[in-house]
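The values are calculated or read from the model by the stated rules, or taken from the named source; none is laboratory data. Since the structure is predicted, the reported quantities are computational estimates derived from the model, not experimental observations. In this analysis, Cβ positions are derived from the backbone assuming ideal geometry, glycine residues included, and neighbour counts consider all displayed protein chains.
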Amino acid sequence: MTKPEKHIFICGSFRASGEPQGVCAKKNSISFVQYMQEELADRGMDSVLVSMTGCLNVCDRGPAMVIYPDGIWYGGFESEEDLDTIMDALEENSIAEQFVIN
Ligand code: FES
């Protein structure tokens, strides 16, 4: 595997105790990881990797993700259509302003 140009971390609400109990997992963030992986592959965006991560400590804005190396934080996405908007922005090197966590 080559090193990805961008790496998306989606909160899976995992805590040090192990179980996903937080806001993001309750709002389907775990299924969003698979959707993004499949959609990025369909778009041929092979240089973008998606991983699940533990709580990002912005639970009140969840579900949440962070994109590196850009340092963009997104939250409040609730559907595959919202994720499409985020991936459209990624593809265009722009920002999906409506989901930005400042
Ligand atoms: S549970 Fe997702 S940011 Fe805390």
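Checked against the criteria, residue 51 does not count as within 15 Å of the ligand (Cβ to nearest atom) and assigned to a helix (DSSP H, G or I). The residue pairs whose first member lies in the range 36-57 and is closer than 17 Å to residue 10 by Cα, whose second member is among the hydroxyl-bearing types (Ser, Thr, Tyr) and in a strand (DSSP E or B), and whose beta carbons are closer than 8 Å, counting only pairs six or more residues apart or on different chains, are 54/13; 55/13. Scanning the range 24-47 for residues that are farther than 14 Å from residue 64 by Cβ and either of a type in the set (Phe, Trp, Tyr) or within 16 Å of the ligand (Cβ to nearest atom) (or both) yields 31, 35.
Check the range 68-76 and report whether any residue there is at pLDDT 95 or above, surrounded by 17 or more Cβ atoms within 10 Å (Cβ to Cβ) and part of a helix (DSSP H, G or I). Scanning the range 68-76 turns up no residue that is at pLDDT 95 or above, surrounded by 17 or more Cβ atoms within 10 Å (Cβ to Cβ) and part of a helix (DSSP H, G or I).
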